[in-house]
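Notes for the one structure printed next.
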Amino acid sequence: FKSKKNNHRSFSTNNQKGTVEFVDNRWLKIPKSKKIGLIRCHQSQEIKGVVKTATISQVPSGKYYVSCNVEIWYQSLPKTDRVIGLDLGIKDLVITSDGDKFENPKTLQKHQEKLAKLQRQLAHKQKGSKNYEKTCIKLAREHEKIANIRKDTLHKITYKLISENQVIISEDLSVKNMMQNHNLAGAIADVSWYELMRQLTYKADWNLRTYHKINTYYPSSQLCSCCGYKNEVVKNLAVRYWTCPNCGTYHDRDENAAINIRNRGSLDLGLSVV
């Protein structure tokens, strides 16, 4: 690791005539590794394509990872006619226009006590000492665990949404601006909306799906999905359920917003609105 520009410890190497190879799913061979021999590794999944490049990196917890750029033939998912709208929230991570709700695991909140304990321990260690370095690694591993749980949850949700729907529609949230609200910044960071939208974007491209974002300022929560009446009282986030003064329909705030998002997105794409 020779980079002087940042603390990201990684290097990449090209596979030239078999210089990068996994042996018996337990050993990694890379160029110029004769001095150290084969590197013991654990593969998370079988590599079915041709390895083009391999990047070896070390994370703050001290673990080493190798990620491979692989050339492979990819089969897209079968086409479907389902269109779905998504409302992203904090209490529930994703609420769909079909009424399904994906619970927010609140990973950071569940591990907050252990993080605080490790940070207190670190504060009492002398910088540069071996005990300081050991505690730093423990803290990094806890943060890594939180990140892995969060990513795993998001991958499961996005895979289900992409698998079952041809068109997925959500709001175009400006997460950076929303983080300026210090009362909600921690919860917004933990829920990771940006990563959710990023995964939906590339998975939709892979599987020939359509992922569309409607305008940020569209009042999806305030409009009645049945008659279109705009109820500005619903601007108050404490209002979770409301009855339309015009048509008398009783609404769940989030489900109603998801239906409005689906309808608005369908109009944008020229699709028929159910």
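Which pairs do you get when a residue that is of a type in the set (A, V, I, L, M), found in segment 58-78, comes within reach of a residue that is surrounded by fewer than 12 Cβ atoms within 10 Å (Cβ to Cβ) and part of a strand (DSSP E or B), reach meaning Cβ atoms under 8 angstrom, with the pair 6+ apart or on two chains?
V70/V50; I72/V50
Residue-wise test of (1) modelled with pLDDT of 90 or more; (2) within 21 Å of I137 (Cβ to Cβ); (3) more than 24 Å from the chain's Cα centre (by Cα).
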site: K17; (1), (2), (3): no, no, yes
site: F22; (1), (2), (3): no, no, yes
site: K32; (1), (2), (3): no, no, yes
site: E46; (1), (2), (3): no, no, no
site: Y64; (1), (2), (3): yes, yes, no
site: W73; (1), (2), (3): no, no, yes
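Would you say R198 is surrounded by 12 or more Cβ atoms within 10 Å (Cβ to Cβ) and in contact with a strand residue (DSSP E or B) (Cβ under 8 Å, 6 or more places away or on another chain)?
Numbers: surrounded by 12 or more Cβ atoms within 10 Å (Cβ to Cβ): yes; in contact with a strand residue (DSSP E or B) (Cβ under 8 Å, 6 or more places away or on another chain): no.
For R198, the condition - surrounded by 12 or more Cβ atoms within 10 Å (Cβ to Cβ) and in contact with a strand residue (DSSP E or B) (Cβ under 8 Å, 6 or more places away or on another chain) - is not met.
Could you check segment 160-180 and list, in sequence order, the residues that are closer than 22 Å to P219 by Cα, assigned to a loop (DSSP other than H, G, I, E, B), of a type outside the set (S, T, Y) and in contact (Cβ under 8 Å) with a residue 12 or more places away in the chain? Please lay out each step first, then the result.
So the first thing to find is which residues in segment 160-180 are closer than 22 Å to P219 by Cα, and the list is 167-180.
Next, from what is left, pick out any that are assigned to a loop (DSSP other than H, G, I, E, B): 172-174, 179-180.
Add one more test, that the residue is of a type outside the set (S, T, Y), and what stays is 172-173, 179-180.
If the condition is that a residue be closer than 22 Å to P219 by Cα, assigned to a loop (DSSP other than H, G, I, E, B), of a type outside the set (S, T, Y) and in contact (Cβ under 8 Å) with a residue 12 or more places away in the chain, then D172, L173 are the ones that fit.
Give the residue that is most open to solvent (accessible area, probe 1.4 Å), with candidates limited to residues of segment 43-57 that are assigned to a loop (DSSP other than H, G, I, E, B) and within 19 Å of K17 (Cα to Cα).
First, pick out the residues of segment 43-57 that are assigned to a loop (DSSP other than H, G, I, E, B): 43-49.
Narrowing further to those that are within 19 Å of K17 (Cα to Cα): 47-49.
Values: I47: 56, K48: 162, G49: 25 Å².
Among residues in segment 43-57 that are assigned to a loop (DSSP other than H, G, I, E, B) and within 19 Å of K17 (Cα to Cα), the one most open to solvent (accessible area, probe 1.4 Å) is K48.
Residue-wise test of (1) open to solvent by 90 Å² or more (accessible area, probe 1.4 Å); (2) touching a residue at least 12 places away in the same chain (Cβ under 8 Å); (3) farther than 18 Å from S97 by Cα; (4) among the β-branched types (V, I, T).
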| site | (1), (2), (3), (4) |
| --- | --- |
| G186 | no, yes, yes, no |
| H212 | no, yes, no, no |
| S220 | no, yes, no, no |
| C224 | no, yes, no, no |
| E255 | no, yes, no, no |
| L267 | yes, no, no, no |
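Looking for something in contact with a strand residue (DSSP E or B) (Cβ under 8 Å, 6 or more places away or on another chain), surrounded by 14 or more Cβ atoms within 10 Å (Cβ to Cβ) and outside any helix (DSSP H, G or I) - is there at least one such residue anywhere in segment 123-133? Break it down stepwise before answering.
Taking segment 123-133 and keeping what is in contact with a strand residue (DSSP E or B) (Cβ under 8 Å, 6 or more places away or on another chain), we get none.
No, segment 123-133 contains no residue that is in contact with a strand residue (DSSP E or B) (Cβ under 8 Å, 6 or more places away or on another chain), surrounded by 14 or more Cβ atoms within 10 Å (Cβ to Cβ) and outside any helix (DSSP H, G or I).
Taking the condition of being over 26 Å from S266 (Cβ atoms) and buried (at least 16 other Cβ atoms within 10 Å of the Cβ), how many residues in segment 151-184 meet it?
1
The values are calculated or read from the model by the stated rules, or taken from the named source; none is laboratory data. Everything numeric here is computed off the predicted structure, so don't read it as measured data. With ideal geometry, Cβ positions are generated from the backbone for all residues, glycine too; neighbour counts draw on all protein chains shown. Quick note on the areas: whole protein, heavy atoms, side chains included, nothing else; ligands and nucleic acids left out. Shrake-Rupley method; radii C 1.70, N 1.55, O 1.52, S 1.80 Å.
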